[in-house]
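One structure is given here, and the rest of the page talks about it.
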Amino acid sequence: MVPSFRRRVCALSALILFSATGCAGAAISGSGDADTGGPLKIGVIVPLTGPVGQSGTALRQGFELGVAKVNDAGGIGGKQVEFVVADDAGDPANSTQLARRLIQQDKVSVLFGTITGDTADAVTKVSDDHRIPFFTAILGDPERCSAYQWRFGESTRQLLTPMLPWLLQQHGARVAIVGSDYNYPHLYAGLAKELTQAGGGTVVAEEYSPLGQTDWQPVITRLKAANPDVLLSMVVGADAIAFSQQAQQFGLLTPELGFEGAPLDADYHPALSALTTGRRHAVRWADGMPDPASRRFVADYRAKYQWNQPIPEVAGNAYFGIQFVLAAAAKAGSDPVAINREVGSLRFDSPLGAGTHFAPENHILQADMSAVTISPDGYPVTAKFGPVADTVPREGC
Amino acid sequence: MDVLLAILSQFGLYGLLTVGIATVFAALRVVNLAHCDFAMIGAYAAATLIGFPFGWRVVLVLGATIPLLVVIERVLLRRSRADGLGSMLVTWGVGMALRQLAEVSFGATPRSVTAPVDGSVTVFGASGPAYRLVCSLIAVAVIGLVLLAAHRTRWGLTLRAVADNPSMAGLLGTDPNRLRTTAFVAGGLLAVLAGALYSPTLAVSPTMGFSLLVPVFFALLFSRPGSLATAALAALGVSALAVLLRTRLSDVVADALFYVVVFGIAAARSRPSIRRFFSWSRRFAVGSARSPR
């Protein structure tokens, strides 16, 4: 009887391992004729299913509206821009396979999308091999720069440079950092420490926890013991909700404590607005931006997708980002190498800033940053930081 | 005292889930891989039925889940019962279906639930959220009632008899189909209750059950098949180990060490000499329990 029980548990362990290694399928949606001499064709690789499916869907929707805007104005070279959407389910193995398929079978000239860093890295390798430009719209910093990858999302330096001094001034000099235990939160913490010290502050606690944590009491107890004035959180996904809720329940997250990081993003607003309302948050784009182009995008997005919640920032980055790419394609034609060259030198005006352009040292978009004050309804802009540069060179460019 | 309250809270969650899955295993001899996804159903009910008071949300979801559990057991598991591994794969499919259904219905974005009890309480000098203590105590009370039912009622006696020897129990007049259904429903309801009760402390998402699977299965591995009391004790041990390691060490180190300790215990238990020791201990325990009579 006992050995039989053990056999079942062993079989179970194998199943869990099988699942953890990720065997999700992928699907291609939409199609277009492969024609190198035809209209410009773009391959969009996004996770429409899986844990980050909501962000992937927001990116796709922002992208679609951006392409529709250009097509409504006549398209590129008198032809309508086409695109093919592929769901990678957030799995880098799918991303690699789909990137190859889009380039080789669908003959796309440009790749766009991805949410997580590992899927972006997977597509970057393929795009570099085939010399096809690849654009991302989510915030964050890959460790390496690539000749054919360009990032419309804000870098960590652009995110923290204008916000951290304000937090130190308003709340105090003792900074605590907490994050999920993977590459990006460690990178975020490294830069936060550098900027905190430069601003005269001290990092008094630094905590990381594996993804999937349900009980945050030990971490919160250690953070409370450090008596911080400011808490920077790069706890992500569902953990961001559990951590923020428990931090408030245990008395760490008080109105007096400065709080900035991933839990303040629009993606978490439906779950955490009660905790984040009234707090200041640095953004590149927000649905409360007052310029006419943003207001039109917000109205179109809400009408087309029946969306009543705050619009995720990645949707705005994708909307204005693809217009930047198509402006480059209007000058360069549909040749991928020519588009890549043109993107590197183009200056483009949009609500993301006047004369936005990519830094040649790191392929990060040099654009404006703003501060929003979170309200129950959305993310109204309450301060403009103006252009925030990040020209720190990255290896590979 | 902080540590004891943390262990109590963790035990409430893991204990409800482990006793539930152990109940199902005792009657069906199936490791229910969808078990923690039933907790997700409870949590989503707490997150979405916001027109009702929190207590009513719990009652409503418990009542509404009973037909679902009956259908799963009678339609899906009864056909594959002859093959234990086949049944386990069926439950894996049920879990996947429930997760997909939740994602389609509610989206992938995690949700939160407002705690029905605000504020904090101080117990022997240790302060913590009041609701955390309330839901821990309710969970421990429910676990106690289930153990009482297992050892002091006719249903519990039948369950233990089927767990020990299903063929003999059948020959002695037990209706195995009825018992399997009631055990599957009872075990599943414990998971739904755990998800609903603890939803204000967790993020409610389609995949939330998956992160609860590992500790619950470790606890099941350390329990004796058919003995709900050892399942509860194993859940207490897993909770205490996780909390103590994370109190003393950073989360990253504690998490790695947790698996080292758990696998070490599992490996040690599988050694013949240690298995014989446990077997003898049980004989002495049974003997001493019988001797006063």
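Values in this text are rule-based calculations from the coordinates and carry no lab data. Because the structure is predicted, anything quoted here is derived from the model rather than measured. For neighbour counting, all protein chains shown are included, and Cβ atoms are generated from backbone atoms with ideal geometry for every residue, glycine included.
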Quiz item: In debye, nearest 20: dipole of the protein assembly as shown around its Cα centre with unit charges on the Cβ of K, R (+) and D, E (-)?
Solution: 3440 debye
Quiz item: For peptide A:214-226, how many partner chain Cβ atoms fall within 10 Å of a residue's Cβ, on average?
Solution: 5
Quiz item: Can you work out ³J(HN,Hα) from phi for every residue in the stretch B:143-148, in order, using Karplus 6.51 cos²θ - 1.76 cosθ + 1.60 and θ = phi - 60°, giving whole Hz and x for Gly and Pro?
Solution: 4, x, 5, 5, 5, 4
Quiz item: With chain B treated as a Gaussian network of Cα nodes joined by springs under 10 Å, which of B:Pro272, B:Pro67, B:Pro129 yields the largest mean-square fluctuation?
Solution: B:Pro272
Practice problem: Work out from phi, with θ = phi - 60° and the Karplus expression 6.51 cos²θ - 1.76 cosθ + 1.60, the ³J(HN,Hα) of each residue of the stretch A:391-396, listed in order in whole Hz, and give x for Gly and Pro. | Solution: 10, 5, x, 10, 5, x
Self-check item: Ranking of A:Phe152, A:Phe259 by count of other Cβ atoms within 10 Å, fewest first
Solution: A:Phe259, A:Phe152
Quiz item: When we measure straight from the Cα of A:Lys331, which lysines land under 18 angstrom away, once same-chain ones fewer than 8 places off are left out?
Solution: A:Lys41, A:Lys69, A:Lys79
Quiz item: Among B:143-155, A:88-100, how do they line up from the highest to the lowest mean number of other beta-carbon atoms within 10 Å?
Solution: A:88-100, B:143-155
Exercise. Just tell me which lysines come within less than 23 Å, Cα to Cα, of A:Lys193; anything on the same chain fewer than 8 places away is out.
Key: A:Lys224
Exercise. For every helix of n ≥ 4 consecutive DSSP H residues, a contribution of -39,500 (n - 2.57) applies; sum these over chain A, divide by its total residues, and give [θ] at 222 nm rounded to the nearest 500 deg cm²/dmol.
Key: -14000 deg cm²/dmol
Quiz item: Taking amide hydrogens as modeled 1.01 Å from N in the peptide plane, which residues meet the under 5 Å criterion relative to A:Val203, leaving out close sequence neighbours?
Solution: A:Val175
Self-check item: Computed over the stretch B:164-249: relative contact order in percent, which uses C-alpha pairs under 8 Å that are six or more apart
Solution: 17 percent
Self-check item: Averaged over B:109-117, number of beta-carbon atoms from partner chains that fall within 10 Å
Solution: 6
Self-check item: All aspartates and glutamates inside 14 Å of A:Lys107 as judged from Cα atoms, apart from same-chain residues fewer than 8 positions distant
Solution: A:Asp33, A:Asp35, A:Glu82, A:Asp335
Quiz prompt | Order by protection proxy (mean Cβ within 10 Å, highest first), peptides B:32-40, A:49-57 | solution = B:32-40, A:49-57
Quiz item: Across peptide B:202-212, what mean number of C-beta atoms from other chains lies inside 10 Å of a residue's C-beta?
Solution: 5
Practice problem: Rank by packing, highest mean first: peptides B:253-260, A:138-145, B:199-206, with packing defined as the count of other Cβ atoms within 10 Å averaged across residues. | Solution: B:199-206, A:138-145, B:253-260
Self-check item: Under Karplus coefficients 6.51, -1.76 and 1.60, residue-wise ³J(HN,Hα) of the stretch A:247-256 in Hz, glycine/proline x
Solution: 4, 6, 5, 8, x, 7, 8, 9, x, 6
Exercise. Per DSSP H run of n ≥ 4, the term is -39500 (n - 2.57); total these for chain B, divide by its residue number, and report the mean residue ellipticity at 222 nm rounded to 500 deg cm²/dmol.
Key: -25500 deg cm²/dmol
